[in-house]
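Student: Attaching a single structure in structure tokens format; questions to follow.
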Amino acid sequence: MLKGVLAAAVTPLREEGAALEEDAFGPYADFLVAGGLDGILALGTTGEGILLTVEERSRVARLFLDAIAGRIQVAVHCGAQTTADTVRLAQDSAEAGADAVAVIGPPYYPFDEESLVRHFVAAAAACAPLPFYLYEFRVRTGYSLPVSAIERIRDEAPNLAGLKVSNSAFEDVQPFLIEGLDLFVGSEPLILRGLDGGAAGAVSGLAAVFPEEVVRLVRERSGDVGDLRAGLERFPFQAAAKHALGQRGVPVRDDVRAPLRPLSAEERAELDAWLESL
């Protein structure tokens with residue numbers, strides 16, 4: 001079972017985002033471990049997973065697992081457009097030694113409850129008995145998972161352990177605080193409120209860059225991460241997060257996979273000035 005504070009890790013890329021920067025995974029893993037995290041989520045929204053090929057995603061999962069080497073937990077996001085690709089990625093992650101699998105619902109089509117239940121049950125079965133987590137993020141998928149569907153998935157998938165919920169309003173998080181399922185909050189401004197409401201922990205994109213700050217927020221209930229998140233979100237987030245890592249001494253380029261775009265020269269200068277002011 002996942003626990004505590006996890007970073008939604010970036011994926012190091014090179015060649016304007018066209019290729020993996022494999023040499024960067026080791027130093028980046030060391031940085032995340034040193035930040036005091038309990039684990040990472042690889043290939044989520046921050047990690048550009050949905051933009052990578054199935055083969056690249058399998059490689060990234062193994063690169064993170066090898067670099068982390070059991071020091072902290074590694075969950076792998078395996079959500080894809082089709083059930084077949086999702087199942088393949090979930091099975092591959094389990095075979096590679098991941099600690100957990102998370103899956104977001106496929107975007108674009110208006111799936112009914114039966115379609116969603118079949119999709120998630122198939123993904124959970126592919127990685128069983130590994131802990132399986134639903135990934136709820138309405139602004140990315142275009143819909144929220146019905147609580148009735150979650151209950152059906154729990155009945156059919158014994159390894160369903162919980163959810164990562166990245167919705168930005170607490171009223172859109174609260175329905176997923178379901179007894180017997182662990183909830184991990186994705187929106188940093190809602191972390192403390194979520195923990196007070198019974199959440200098990202946090203999976204944070206900000207923690208990919210400032211792990212020590214999110215760890216301090218959760219464990220010591222001190223610090224204000226809202227300004228840090230807002231500072232990065234003034235720019236294309238994935239590129240800004242990677243650039244900030246580079247400025248913090250981690251050899252990660254700010255290359256991102258198109259159609260995400262890199263920072264402009266003006267944005268880099270503005271971001272550098274903000275980072276210097278921290």
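Student: Filter the stretch 133-151 for residues that are at negative phi and touching a Pro at 6+ places or on another chain (Cβ under 9 Å) and give the result.
Tutor: Of the residues in the stretch 133-151, the ones at negative phi are 133-141, 143-151.
Correct list: Arg140, Thr141, Tyr143, Ser144, Val147.
Student: Residue by residue through the stretch 2-50, note down the ones that are within 12 Å of His77 (Cβ to Cβ) and not small (Gly, Ala, Ser). First the steps, then the outcome.
Tutor: Within the stretch 2-50, the subset within 12 Å of His77 (Cβ to Cβ) is 6, 8-9, 11, 40-50.
Listed by number, the residues that qualify are Leu6, Thr11, Ile40, Leu41, Leu43, Thr45, Thr46, Glu48, Ile50.
Student: Only helices (runs of 4 or more DSSP H) wholly contained in the stretch 176-265 count here; list those with 2 or more residues that are in contact (Cβ under 8 Å) with a residue 12 or more places away in the chain and among the β-branched types (Val, Ile, Thr). Before you say what the answer is, go through the steps one by one.
Tutor: Numbers: elements: 191-196, 211-220, 226-233, 237-247.
By residue number, 211-220.
Student: Another one. So, in the stretch 41-54, how many residues would count as being within 14 Å of Pro12 (Cβ to Cβ), surrounded by 24 or more Cβ atoms within 10 Å (Cβ to Cβ) and of a type in the set (A, V, I, L, M)?
Tutor: Adding up the residues that qualify gives 2.
Student: Additional query: With out of contact with any Asp or Glu (no Cβ under 7 Å at 6 or more places or on another chain) and open to solvent by 60 Å² or more (accessible area, probe 1.4 Å) as the only criterion, which of Arg14, Arg57, Arg71 stands out?
Tutor: Details: Arg14 fails: out of contact with any Asp or Glu (no Cβ under 7 Å at 6 or more places or on another chain); Arg57 fails: open to solvent by 60 Å² or more (accessible area, probe 1.4 Å).
On inspection, the qualifying residue turns out to be Arg71.
Student: Let me ask something else. Go through the stretch 44-54 and give me each residue that's in a helix (DSSP H, G or I) and of a type in the set (D, E, K, R).
Tutor: Filtering the stretch 44-54 for residues in a helix (DSSP H, G or I) gives 49-51, 54.
Of everything in the stretch 44-54, nothing turns out to be in a helix (DSSP H, G or I) and of a type in the set (D, E, K, R).
Student: Go through (1) open to solvent by 10 Å² or more (accessible area, probe 1.4 Å); (2) over 20 Å from Pro129 (Cβ atoms) one by one and return the number of the condition Ala96 breaks.
Tutor: If we test Ala96 against (1) open to solvent by 10 Å² or more (accessible area, probe 1.4 Å); (2) over 20 Å from Pro129 (Cβ atoms), just (2) comes out false.
Student: Let me ask something else. Out of all the residues in the stretch 229-237, is one or more touching a helix residue (DSSP H, G or I) at 6+ places or on another chain (Cβ under 8 Å) and among the small types (Gly, Ala, Ser)?
Tutor: yes
The values are calculated or read from the model by the stated rules, or taken from the named source; none is laboratory data. This structure is a prediction, so every number in the text was calculated from the model and none was measured. So basically every Cβ, Gly included, is an ideal-geometry build from the backbone, and we count neighbours across all protein chains shown. These area figures cover heavy atoms from the full protein model, side chains too; ligands, DNA and RNA do not enter into them. Shrake-Rupley method; radii C 1.70, N 1.55, O 1.52, S 1.80 Å.
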